[in-house]
């Protein structure tokens, strides 16, 4: 059930052409949600319901998190390399375009993306969209430029936390003009090199703050020595993913001390990287098995992996699913009955919308904890989930760091997504069991999964 590929983004074309391609992805023009389950009202897409248990083998697009880390390191490397099975989505195309504007060449026309490094250049304006990886990972690269680089993005991106990355860069010797906002828009005043050295930040709002400073650190004069001072860092598997990618590219990283990461100055080696399937995007597909009493296999599930989505194995088992990992992939089957869940999602917060939707369908109460930080994601996900699940009749209340969900009589209706792909995942999961769920702006799933609507319709209709 492979997704229809989006048009390639050619870095060697004029900048106007690259920007047009990126805008097309951003608007959803390259990921039309029309198909077997066409919209019945403007902007609303009826979530399809299966006639019986869902049985399918699913092959997912690549991981956004791995793709964007690999692209950054490839653009800073000592020679050309290839990111194999790269995810083609809004976030990754925005990353490719940003790196091209800074002097690299990224050929995204095929399934495997060739990256040719270049001198980091300034006097550029970069569009971050709503992508945390772009707005946080690229400024440390832009600090190496020979002139100013302006960053901006979607309106809600201006609300996403950036202060610690900007302060961290200032502590490493980088001049930044943000007019005191601590967020987008801002300008990195590149001087052609970065001193680097030791810096202390509070990464309790996002693990991306640490990853951002580490990814480009080997190119700084003194490397980087990043220390965290604050509440526990959320989503630690994503920092492990960053360390894994750095080491793969020949960068020496010392993480022997808790809350401290040291990167030595060195050349970043150009190596070909194989991108794993995006395991967080597996959540709705595996959910279809446990909700409908079916059986779904996600092919090529990696073991081991640093992806947060791997926690689905434990979560779905606790909710009553049968979970089996083999060389063929991860297979989940269910009975159609879901148990309530008490779970700390602190390290895997991106799974919260999908898990909350499953809890809405459970036969007992659930308590999801440890995810106060997802209030700063694409939207305030806790408030959004409480509002939208509640609008379908759900008994959902917020806590300071999570949600309490109790069984209730559910009904259909519109489900707003707030331009958040994970909210759309929550909506279609509920739609498996509740008739009449209508998803607002399902095309927002293009952020990490091109033609998600088509793939989902194929799965639910038995064509997957």
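Laboratory data are not the source of any read-out in this text; all were calculated from the coordinates shown. Since the model is a prediction, treat every value here as computed from it, not as a measurement. Virtual Cβ from ideal backbone geometry, glycine too; neighbours counted across all protein chains shown.
May I ask you to derive the FRET efficiency for residue 339 and residue 299 from their Cβ-Cβ distance with R0 = 22 Å, giving the value to the nearest 0.05? Walk me through the numbers before you get to the answer.
Details: r = 27 Å, r/R0 = 1.23.
Result of the calculation: an efficiency of 0.20.
On a 0 to 90 degree scale, rounded to 10, what angle separates helix 90-101 from the longest Cα axis of the chain? Rounded to the nearest ten degrees, it is 10.
Which of 418, 220 has the fewest other C-beta atoms within 10 Å, and how do the rest follow up to the most? Present the calculation step by step, with values, prior to reporting the outcome.
Working: 418 19, 220 22.
Placing the least packed residue first, the sequence is 418, 220.
Computed over the chain, the per-residue total of -39500 (n - 2.57) for DSSP H runs of n ≥ 4 gives a 222 nm mean residue ellipticity of -8500 deg cm²/dmol, rounded to 500. When only alpha carbons are used to place a centre, the range 242-287 and the range 118-134 end up 21 Å from one another. Hey, how many Å between the Cα centroid of the range 393-464 and the Cα centroid of the range 158-206? Computed from Cα coordinates, the inter-centre distance equals 35 Å. Using C-alpha pairs below 8 Å separated by at least 6 residues, the relative contact order for the range 65-159 is 27 percent.
In this simple spin-label model, placing a label point 7 Å from the Cα along the Cα-to-Cβ direction at both residue 222 and residue 84 gives a separation of 4.0 nm.
Which order results if 128, 100, 266 are arranged by neighbouring Cβ count within 10 Å, fewest first?
Working: 128 27, 100 24, 266 15.
Fewest-to-most ranking of 128, 100, 266: 266, 100, 128.
Relative to the longest principal axis of the Cα atoms of the chain, helix 64-75 runs at roughly 20 degrees. Computed over the alpha-carbon pairs of the range 317-376, the distance histogram in 10 Å steps reads 21, 45, 29, 5 percent, short to long.
Where does each of 423, 95, 319 land when they are ranked from fewest to most other beta-carbon atoms within 10 angstrom?
On the way: 423 27, 95 30, 319 23.
Arranged by neighbour count, lowest to highest, 423, 95, 319 become 319, 423, 95.
How big is D, in µm² s⁻¹, for the range 64-274 by Stokes-Einstein at 4 °C and 1.567 mPa s if Rh is the Kirkwood radius over C-alpha pairs? Don't skip to the answer; put the middle values down first.
On the way: Rh = 16.6 Å.
Once the numbers are plugged in, D ends up at 78 µm²/s.
Nearest 10 degrees is fine. How inclined is helix 15-27 to the longest principal axis of the chain, computing both from alpha carbons? On a 0 to 90 degree scale, this one is about 30.
Entry note, the chain: relative contact order of 18 percent, from Cα contacts under 8 Å with a spacing of 6+ residues. DSSP finds beta bridges in the chain, and of those with both partners inside it, around 65 percent are antiparallel. Just to be sure I understand, if you calculate volume of the Cα convex hull per residue in Å³ for this structure, which of (i) 124; (ii) 145; (iii) 185 do you get? Read-out from the structure maps to (i). Between residue 463 and residue 328, what FRET efficiency comes out of the Förster formula 1/(1 + (r/R0)^6) with R0 = 25 Å and r the beta carbon distance, rounded to 0.05? The calculated FRET efficiency here is 0.75. Using C-alpha pairs under 8 Å with a sequence gap of at least 6, the mean separation divided by the residue count of the range 285-369 gives a relative contact order of 32 percent.
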